[in-house]
Amino acid sequence: MRGRLLSLLGIFFILTLGHARMPASRIECVAGCGERPLGGPALEARLIEPFGVAFDGKENWYICEYKGHRITRVTGSGVISLFAGIEKPGYGGDGAAAAQASFNEPHGLVIGNGGQLYVADTRNHRVRKVDLKTGAITTIAGTGKPGYSGDGGPAIGAQFDGVFGIDISKAGDRIYVADLGNKRVRVVSLKSGEVRTVAGNGQAGVPADGADAAGSPLVDPRAVTVDSKGNLYILERGGDALRIVDKQGKIRTLIGPAETDQPPMHPKLNGPKHLCVDLEDNVIVADSENHLVRKFTPSSGKTVTIAGTGQKGARLAPEDPLKTQLNRPHGVYVHPSGALYISDSDNNRILKLTGW
C-alpha cells in the first residue's frame, strides 16, 4: 500500500513538474505602439495600417503598410527604417532602387530562398520583386491593367485584378497569387516566368467537395498559403470559408458558413483576411471581422482561438493573449523560431505571440 502511494505521489510530482515547465503563451507589441517617425525603435514607431510581414533569415524583418504605400525594415536590434516606397500611391521605380519606387496599397510580402522579396502590389495589379542585396525593384507579374488574361504565357504580360495575397512554395520555385477580382488562384513559375490558374473558374460560388479546383467557382479568394506537403489553402473573405486544394488538384471546404451545416468544432469565420501555416502545418487564420486569430488543425479538424477576445479594442494583456483585444487583424506570419507575428491593422501595430 505504501509503495503504491509513493508511486502515485511520484506520478503526481512528475505531472505537476511537467505542467509547471510548460511555456506560457505571451503576447507583446514589437512595432507600431508609438507615434515616433521612422529611424528609431520599431516599438515606438508610427505605422500606417500594417498588413504584410516577412523575415529574411538574417534577423531583419519587413512590414508592408497598406495605407502607408511603403515597406519598412526592422533590424535584429529593433530599429525601423524606410526600405521601399515613397509613401504615396502610384506605380513607378522599376529598374531602379526600391527606395524610390511607388506602390499602391500593398497587401502582402514573401521572401524567397535567394534573398528576393516579393510584394503583392494590390491596386497596381502586379507582383513585384525587390533584390535584398542590391535593392533593385522589378515587376514579375501583371501589366497593371485590371482584367484576366495570359494563362499559359509570361506572367509579366498577364492581367490580374487585385493581387491581394501571395505565398511562395516551400521549394521557392513558385509564387501563388490570390487574384481576388478574377475569383481565381494563380501560380507563377519563377523558373519559366509562366502563369496558370490552379483554382477558380472565374464564377462566383461555392465549390463542390472533390471537384477539380481549376474548374470550380470560388466566392472571393483573399489569401493563399501552401504547407510542407504541397497542399494549397485558400481563404475567402466574403465566403467566410477555408478551403484546401490537394496535390491532385481537388478542392474541399474545411470551414464554411453555418448554413452549410458544419459541425460545432467549426466556429463561423467573419471576413477573414489572411492565413499561414505554422511549423507543424496547422493553419493560422486572421479572422478579421471577429477580431480574433484562430488555429485550424488538419489532423483533427478542430479550430481554436489563440489570440483576441472577439471584441475590437486595443487592450494588451501580455500574459494572456485571449484577454488581448485586436482590431481587424489582417495578417498572420510564423517566424522560423515558431513565434507568430500578427498584423493588428486597425491598431496600427505588430504583435508577437510566443508559447502558443
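The values are calculated or read from the model by the stated rules, or taken from the named source; none is laboratory data. Bear in mind that the values here come from a model prediction, so they are computed numbers and not experimental data. We place every Cβ from the backbone using ideal geometry, glycine too, and count neighbours over all the protein chains shown. Only protein heavy atoms, including side chains, enter the accessible area calculation; ligands, DNA and RNA are left aside. Shrake-Rupley method; radii C 1.70, N 1.55, O 1.52, S 1.80 Å.
Annotations for the structure displayed:
- Residue selected from segment 205-254 under the condition part of a loop (DSSP other than H, G, I, E, B) and under 14 Å from ARG186 (Cα atoms), by the criterion nearest to the chain's Cα centre (by Cα): ASP220
- The residue of segment 56-73 that is nearest to the chain's Cα centre (by Cα), among those that are under 19 Å from GLY338 (Cβ atoms) and open to solvent by 40 Å² or more (accessible area, probe 1.4 Å), is GLY57.
- For segment 306-315, a tally of residues being free of Cβ contacts under 8 Å to residues at least 24 places away in the same chain and open to solvent by less than 20 Å² (accessible area, probe 1.4 Å) returns 2.
- Some residue of segment 161-176 being in a loop (DSSP other than H, G, I, E, B), in contact (Cβ under 8 Å) with a residue 40 or more places away in the chain and more than 29 Å from ARG252 (Cβ to Cβ): no
- Filter result for PRO318 (part of a loop (DSSP other than H, G, I, E, B) and either open to solvent by less than 30 Å² (accessible area, probe 1.4 Å) or modelled with pLDDT under 95 (or both)): no
- With a requirement of 1 or more residues that are within 17 Å of TYR118 (Cβ to Cβ), in contact with a strand residue (DSSP E or B) (Cβ under 9 Å, 6 or more places away or on another chain) and in contact (Cβ under 8 Å) with a residue 60 or more places away in the chain, the strands (runs of 3 or more DSSP E) lying completely within segment 55-106 that satisfy it span 61-65.
- Restricting attention to segment 140-157, the residues being farther than 16 Å from LYS191 by Cα and either aliphatic (A, V, I, L, M) or surrounded by 17 or more Cβ atoms within 10 Å (Cβ to Cβ) (or both) number 4.
- Selection status of ALA101, open to solvent by less than 20 Å² (accessible area, probe 1.4 Å) and either within 28 Å of LEU235 (Cβ to Cβ) or of a type outside the set (Val, Ile, Thr) (or both): yes
- Looking only at segment 74-83, residues that are in contact with a Leu (Cβ under 8 Å, 6 or more places away or on another chain) and open to solvent by 40 Å² or more (accessible area, probe 1.4 Å) come to 2 in all.
- Conditions (1) loosely packed, with under 15 Cβ neighbours inside 10 Å; (2) at pLDDT below 95: number failed by GLN262: (1)
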